[in-house]
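Below is one structure, written out as C-alpha cells; the observations come after it.
The values are calculated or read from the model by the stated rules, or taken from the named source; none is laboratory data. Worth saying up front: this structure is predicted, and the values here are computed from it rather than measured. So basically every Cβ, Gly included, is an ideal-geometry build from the backbone, and we count neighbours across all protein chains shown. Note: accessible area is taken over every heavy atom of the protein model, side chains too, but ligands, DNA and RNA are not part of it. Shrake-Rupley method; radii C 1.70, N 1.55, O 1.52, S 1.80 Å.
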Amino acid sequence: SSTGRVTADQIDTLATRHFPLCMRHLHTQLKSNGHLKHGGRMQYGLFLKGIGLPIDEALTFWRRHFRHMTDDTFNKQYAYNIRHNYGLEGKRANYAPYSCVRIITSNPPGVGDHHGCPFKHWGQDNLKQAVAYYGVGQVETAQIAELARQGHCQVACTKFAEATAPPGVRVDPIEHPNGFYVQSVLASGG
Ligand code: SF4
C-alpha cells in the first residue's frame, strides 16, 4: 500500500496521482530547476517524510534532483538539513509536516520561491490553468478559482480533491497536505 513505506523511485508517479496542488508544484519545480529554495525544501521535505519516505530514500531523492552540484556540496550544505528534518541532527526533534493553515498563514513565498498554497498565493489565471491541467472541467475550475479569490483556500482545495477523485468518492475537508494524499491513495484503492 502507498500509505506505508515509499521509495524515491515512486515519487514521480505518486505526485501525479495523489499530491495536492501545493506539493505537485514543488515537485514539478524541483524537477525542472534541479533545486528548491529553503521554504520549498522544508514544506516539501516534511511532506515527503509524512507520506512515508524514510531518511535513506530522502537523501537519495534530494541528491538525485539537485543535479547541478557535486556530492561534496550536497553533503556539506543539504544532507545535514535533511537529516535534521528527520530528527537525526541538532535537537533531534520530530518535526511535523506543515498543516494547510500554517502554509496559508505564514511565510508567504517571495520571488523564486515555490512553497505556499496555490489557492492562497497564486493569481487567478495561474490557478485556473493548474486546476484545468489536472482534468477539472470549466465550470468547476471557475468555482474553485472563485472560492480561492474569496479566501476559502481549503474549501477550494477540497473541491479540487473532489473534482479529481474517482466518481462517487466522498472527500473529507482538506486540513493537511498529508491528509489530501492519504485520502487520494485510499480512494484509488491504494
Ligand atoms: Fe496544499 Fe492545503 Fe493549499 Fe491544498 S489547501 S494546496 S493541501 S496548502
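State all residues of the stretch 152-173 that are free of Cβ contacts under 8 Å to residues at least 24 places away in the same chain and away from the ligand (no atom under 11 Å from the Cβ); if no residue qualifies, say none. Hits for the stretch 152-173 are E162, A165, P166, P167, G168, V169, R170, V171, D172.
Can you name the residue in the stretch 117-130 that is open to solvent by less than 50 Å² (accessible area, probe 1.4 Å) and not aliphatic (A, V, I, L, M) and, of all such residues, is farthest from C22 (Cα to Cα)? If you could, list the steps in order and put the result at the bottom.
Applying the first criterion (open to solvent by less than 50 Å² (accessible area, probe 1.4 Å)) to the stretch 117-130 yields 117-119, 123, 127, 130.
Now drop any that are not not aliphatic (A, V, I, L, M), which leaves 117-119, 123.
Working: C117: 5, P118: 6, F119: 9, G123: 14 Å.
Among them, the one singled out is G123.
Can you work out which of the residues in the stretch 84-99 that are of a type in the set (A, V, I, L, M) and open to solvent by 50 Å² or more (accessible area, probe 1.4 Å) is nearest to L46 (Cα to Cα)? Among them, the one singled out is A96. Of the residues making up the stretch 174-182, not a single one is touching a Lys or Arg at 6+ places or on another chain (Cβ under 9 Å) and either part of a helix (DSSP H, G or I) or more than 14 Å from the ligand (Cβ to nearest atom) (or both).
Considering only residues that are among the basic types (K, R) and open to solvent by less than 50 Å² (accessible area, probe 1.4 Å), which ones fall in the stretch 165-179?
Step one: list which residues in the stretch 165-179 are among the basic types (K, R), which gives 170.
None; the set is empty.
Of all residues in the stretch 176-190, those that are without any contact (Cβ under 8 Å) to a residue 60 or more places away in the chain have Cβ atoms under 7 Å from Cβ atoms of residues that are of a type in the set (D, E, K, R), 6 or more apart or on another chain, in Q183/D172. Please count how many residues of the stretch 9-39 are assigned to a loop (DSSP other than H, G, I, E, B) and open to solvent by less than 20 Å² (accessible area, probe 1.4 Å). So the count comes out to 4.
Condition check: assigned to a helix (DSSP H, G or I), within 12 Å of the ligand (Cβ to nearest atom) and of a type outside the set (S, T, N, Q). Does K128 satisfy that? Break it down into steps so the answer makes sense when it comes.
Details: assigned to a helix (DSSP H, G or I): yes; within 12 Å of the ligand (Cβ to nearest atom): no; of a type outside the set (S, T, N, Q): yes.
No; evaluated as a whole, the condition is false for this residue.
Looking across the stretch 131-164 at every residue that is modelled with pLDDT of 95 or more and assigned to a loop (DSSP other than H, G, I, E, B), the one that is least open to solvent (accessible area, probe 1.4 Å) is identified as V136. Evaluation of G50 against the conditions (1) out of contact with any Pro (no Cβ under 7 Å at 6 or more places or on another chain); (2) open to solvent by 40 Å² or more (accessible area, probe 1.4 Å); (3) on the phi < 0 side of the Ramachandran plot shows that the sole unmet condition is (1). Does H114 satisfy being assigned to a loop (DSSP other than H, G, I, E, B) and within 16 Å of the ligand (Cβ to nearest atom)? When the stated conditions are applied, H114 passes them. Output yes when any residue across the stretch 62-83 is open to solvent by less than 50 Å² (accessible area, probe 1.4 Å), at pLDDT 95 or above, under 15 Å from the mean Cα position of the chain (by Cα) and farther than 30 Å from K159 by Cβ, and no when none is. Yes: the stretch 62-83 contains one or more residues that are open to solvent by less than 50 Å² (accessible area, probe 1.4 Å), at pLDDT 95 or above, under 15 Å from the mean Cα position of the chain (by Cα) and farther than 30 Å from K159 by Cβ.
For the stretch 101-116, a residue qualifies if it is on the phi > 0 side of the Ramachandran plot and surrounded by fewer than 20 Cβ atoms within 10 Å (Cβ to Cβ), and the qualifying residues are N107, G112.
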